[in-house]
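The block underneath contains the structure these notes are about, expressed in structure tokens.
The values are calculated or read from the model by the stated rules, or taken from the named source; none is laboratory data. Computed from a predicted model, the values in this text were never measured in an experiment. Counting neighbours? That spans all protein chains shown, and the Cβs are built from the backbone with ideal geometry, glycine included. Protein only, heavy atoms only, side chains kept; ligands, DNA and RNA dropped before computing areas. Shrake-Rupley method; radii C 1.70, N 1.55, O 1.52, S 1.80 Å.
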Amino acid sequence: MVLLAKNAGFCFGVKRAVDAVENNIEKSIVTLGYLIHNESVVRSLEARGVRCVSSLDEVNEGETVVIRSHGVSPAVYDALDARGIDYIDATCPFVKRIHKRVSEAKDAGLPVIIVGELGHPEVEGIIGWAADNAFVVYTDAEIEKLPHMKQAVVVAQTTISEEKWLSVLHMLEYKIDDMTSFSSICSATKERQDEAEEIAKKADVVIVVGGKFSSNTRKLYELCKRYCKKVYHIEHYRELLLEKMCFGGIIGIVAGASTPDTMIREVYDYMIENEKVLPTEGDESITQSEAANDTADLTVEETDAAMDEPAEASEQKKEENAGEDITTPATDEETNDEHAEDLEEAADKTTEEDIEVSAEETEETNEPAEDLEEAADKTTEEDIEVSAEEIEETNEPAEDLEEAA
């Protein structure tokens, strides 16, 4: 069983930034830093003429700068205006709210504590709005180094986990007498993390799809590792070395906010296509029926709502809905025995004139023509019978039926 997270693919802020570039692709576009943390998307845009620059000094005359969803400091806006450079501001609205709160704290003369990763572009932008009165903390050691403060405003990088946020706030209570906290974690981030945790608790294997330099994707990976022993972080389905990986009964797929839907679909389709031949490890794997019972609230129907399933997935879904516990393929002997029983049952209900075995049916039973002739020699007219319904399924013309008779 393959479970695909509903909240997978571009978040609102990333999609907004990508759309800003796509809608202005006819212009000479440059992005200030990588538009998103996904190498495949960046390469695709570069192939269409979109340049990535690290500073405004690299911008040529006539080019339009796109400010990515992470946002920038006020100094960047000032430089753009001073040089008369045309720009498109694709800063995520959630990040804009942080800028506003931090700017207000700066105007009030209050220190700002940013809970996030120093060096992350979003955090660097926030620091600029707080001027010289900002502190960045993420680890316990960084919190311990903070000076004691009478009053401070605390904000969060939008992609950190709520667990981390609450943990840091608890420690900051011993450092700040009067603390004003602004929970600025993106709602989409929280939804993804909650769903990833739920899937990881139920799955035997979790595949996290997203850029290796994507902060939110790495956090999803770390979160899933807490609840599932086998977690793989990949950017592309080609990284899935099935012969070297051990898969169990339930395979979960989650994705970072900078992962395009096309890449998620490729991974999902690939796993669906190879699910029945995936290697398993000892007794750790479980059957599909057991997996279905354990995940009543995360069924394949939910996966279908998140993304249109390929034909292979539809066939598998029919099997699961029928309540079948498919662990090993039936042998040819078992298949033939079942077919023989069907023929005998049909013989009790039909007449001699209905006798017919089409070439198509012969192929399905995997019996060579010689075996059918030998069986005909050994079987009486009363034993051999194919129902009228089976004759109808062959869609053979009447002339062929008479010739066969």
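Across the range 165-208, the qualifying residues are those that are part of a strand (DSSP E or B) and out of contact with any Phe, Trp or Tyr (no Cβ under 7 Å at 6 or more places or on another chain), and the one among them that is most open to solvent (accessible area, probe 1.4 Å) is D177. Restricted to the range 1-109, the set of helices (runs of 4 or more DSSP H) holding at least 3 residues that are surrounded by 14 or more Cβ atoms within 10 Å (Cβ to Cβ) and among the small types (G, A, S) comprises 12-22. Restricting the range 154-164 to residues that are open to solvent by 10 Å² or more (accessible area, probe 1.4 Å) and not in a loop (DSSP other than H, G, I, E, B), the residue that is nearest to T189 (Cα to Cα) is E162.
When the range 111-126 is filtered for residues that are among the hydrophobic types (A, V, I, L, M, F, W, C) and crowded, with 19+ Cβ neighbours inside 10 Å, the ones remaining, listed by number, are V112, I113, I114, V115, V123, I126.
Residues in the range 194-229 that are touching a residue at least 40 places away in the same chain (Cβ under 8 Å) and farther than 22 Å from Q157 by Cα: E198, I199, A200, K202, A203, D204, V205, V206, I207.
Residue by residue, here is whether (1) polar (S, T, N, Q); (2) out of contact with any Ser or Thr (no Cβ under 7 Å at 6 or more places or on another chain); (3) within 30 Å of D194 (Cα to Cα) holds:
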| residue | (1), (2), (3) |
| --- | --- |
| N7 | yes, yes, yes |
| E39 | no, yes, yes |
| S44 | yes, yes, no |
| L56 | no, yes, no |
| A82 | no, yes, no |
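Candidates are the residues of the range 115-151 that are of a type in the set (G, A, S) and touching a helix residue (DSSP H, G or I) at 6+ places or on another chain (Cβ under 8 Å); the one that is nearest to S214 (Cα to Cα) is G116. Residue count for the range 142-153 under the criterion of being farther than 23 Å from Y221 by Cβ and either among the small types (G, A, S) or not in a loop (DSSP other than H, G, I, E, B) (or both): the result is 7.
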